[in-house]
Amino acid sequence: MGKALIIGCGGVASVAIHKCVQNHEVFEEICIASRTKSKCDDLKAKLDGGPTKITTAQVDADNVDELIALIQEVKPDIVMNLALPYQDLTIMDACLATKTHYLDTANYEPEDTAKFEYKWQWEYQERFKEAGITALLGSGFDPGVTGVFSAHALKHHFDEIEYIDILDCNAGDHGYPFATNFNPEINIREVSANGRYWEEGQWIETKPMEIKRVYDFPEVGEKDMYLLYHEELESLAKNIPGLKRIRFFMTFGESYLTHLKCLENVGMTSIEPIEFEGKEIVPLQFLKAVLPDPASLGPRTKGKTNIGCIFKGKKDGKEKTYYVYNVCDHEACYKEVGSQAVSYTTGVPAMIGAMLVMTGKWNKPGVYNVEEFDPDPFMDALNKWGLPWKEDLNPEMVDPETSKEKE
Ligand code: NDP
């Protein structure tokens, strides 16, 4: 059917590539291109021999000319950006120049300011429309599946959604006192930033980890979770009509938070460059270098993730609540593709998004977030490709008391 150029060869890309190879009817050919070509070659050696033809290349995705030359050589139907959020705009520029579809799993963030915002990528809307190509933004799990879940809830369960709580629980245990499950730099920037949620048309800012709740997650049990800002809040607040409030919670264990606080207090999470032995270094990048590589956590991680959305709104004039979630087992993921569940839950939706663009089901010129497309083929594909979802029509709410007051 077609050809994908995959940029990046880290934790998420590795899962997406495994899944593309499983889905060889759609992905007849893939090119894996990254900064460190040996990682691409190692993965190719592991996966070669099946129907999907695999090639590899070296690329600096910060360099638009290099990217254009690579795209012109490979001639893919889509570029899957599974590098880092810093590369989003250069890869989008190269896609525009070569009229090639684009997909990513995280919104652009300038490397020198920790700020997640869709504004930079949404500004490409007219140019992508004119070029007749699709940019699918945020096709991971959160963002990604959480947006698809929202579109599914709106299409099949509600006339109007008023409240959304996105709950991201990782109950995995890797046995280290402190490690991050995906790129440490991105992860720590995300959790050490101020929290923020959207209510009645306004953003309400909180201190990092200021709002805590305890939730009893299906198949996992009770966990502490904290309100964070997460990028899909911005697109869902815009794309779900009539929404009154949307929040995002993520679970963290005691050990993780104590270590993070200590690292913060000594300045190790700073992104301000400092002078060290005559060389400029960024403390957070140095910290990344000493922490366990997220890819190495796979064989050690036990337990499950549970990520989903709880909705409250109206159907046929009546109040309704609805919870849709996926439970993913770290050890089962590792057995299947050699990665833990955090990479797995991101890599599978990246493959699905690319498949839907390539097959024309989600092909609409312009720049779009996942919730702006028909959720049905994505929901079906989740069940087929390893992330089955479950529903609860009478879920425990995050704030049972306030939610009653609001009724
Ligand atoms: P990793 O750090 O494991 O992998 C990143 C890859 O990108 C590495 O192979 C790296 O190369 C490559 N890379 C970095 N910079 C460049 C560059 N300038 N040119 C070419 N290649 C480059 O990250 P993850 O796999 O954990 O994360 C990938 C993406 O997924 C991130 O954007 C992250 O934010 C996002 N994500 C999204 C989630 C979601 O649910 N939506 C959840 C988790 C992650 P090298 O090997 O040389 O370092």
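Observations on the structure shown:
- Close Cβ contacts (under 7 Å, 6 or more residues apart or on different chains) running from residues in the range 63-87 that are over 19 Å from Glu111 (Cα atoms) and of a type outside the set (A, V, I, L, M, F, W, C) to residues that are open to solvent by less than 20 Å² (accessible area, probe 1.4 Å) and more than 14 Å from the ligand (Cβ to nearest atom) comprise Pro76/Ala4; Pro76/Thr100; Asp77/Gly2; Asp77/Ala4.
- Taking every residue in the range 172-188 that is on the phi > 0 side of the Ramachandran plot and pairing it with any residue that is away from the ligand (no atom under 14 Å from the Cβ), at least 6 positions away or on another chain, the pairs with Cβ-Cβ distances below 8 Å are Gly175/Arg300.
- Of the helices (runs of 4 or more DSSP H) lying entirely inside the range 1-88, those containing at least 1 residues that are of a type in the set (Val, Ile, Thr) are 11-22, 64-74.
- When the residues of the range 131-165 are filtered to those that are away from the ligand (no atom under 16 Å from the Cβ) and part of a strand (DSSP E or B), the one that is farthest from the chain's Cα centre (by Cα) is Glu160.
- Subset of the range 92-102 [in a loop (DSSP other than H, G, I, E, B) and open to solvent by less than 30 Å² (accessible area, probe 1.4 Å)]: Thr100
- Residue selected from the range 33-91 under the condition within 11 Å of the ligand (Cβ to nearest atom) and of a type in the set (S, T, N, Q), by the criterion surrounded by the most Cβ atoms within 10 Å (Cβ to Cβ): Asn81
- Note on the range 142-167: residues that are open to solvent by 20 Å² or more (accessible area, probe 1.4 Å), of a type outside the set (Phe, Trp, Tyr) and in contact (Cβ under 8 Å) with a residue 40 or more places away in the chain total 6.
- Between Tyr334, Tyr368, Tyr323, the distinction of being over 17 Å from Gly303 (Cβ atoms) and in contact with a Pro (Cβ under 8 Å, 6 or more places away or on another chain) belongs to Tyr323 only.
- Test for Val282: is it open to solvent by less than 70 Å² (accessible area, probe 1.4 Å) and in contact (Cβ under 8 Å) with a residue 60 or more places away in the chain: no
- Count of the range 295-313 residues which are free of Cβ contacts under 8 Å to residues at least 40 places away in the same chain and either among the small types (Gly, Ala, Ser) or in contact with a strand residue (DSSP E or B) (Cβ under 6 Å, 6 or more places away or on another chain) (or both): 1
- Restricted to the range 300-407, the set of strands (runs of 3 or more DSSP E) holding at least 1 residues that are more than 30 Å from Ala179 (Cβ to Cβ) and within 17 Å of the chain's Cα centre (by Cα) comprises 366-369.
The values are calculated or read from the model by the stated rules, or taken from the named source; none is laboratory data. Worth saying up front: this structure is predicted, and the values here are computed from it rather than measured. Using ideal geometry, Cβ is built from the backbone for each residue, glycine included, and neighbour counts are taken over all protein chains shown. These area figures cover heavy atoms from the full protein model, side chains too; ligands, DNA and RNA do not enter into them. Shrake-Rupley method; radii C 1.70, N 1.55, O 1.52, S 1.80 Å.
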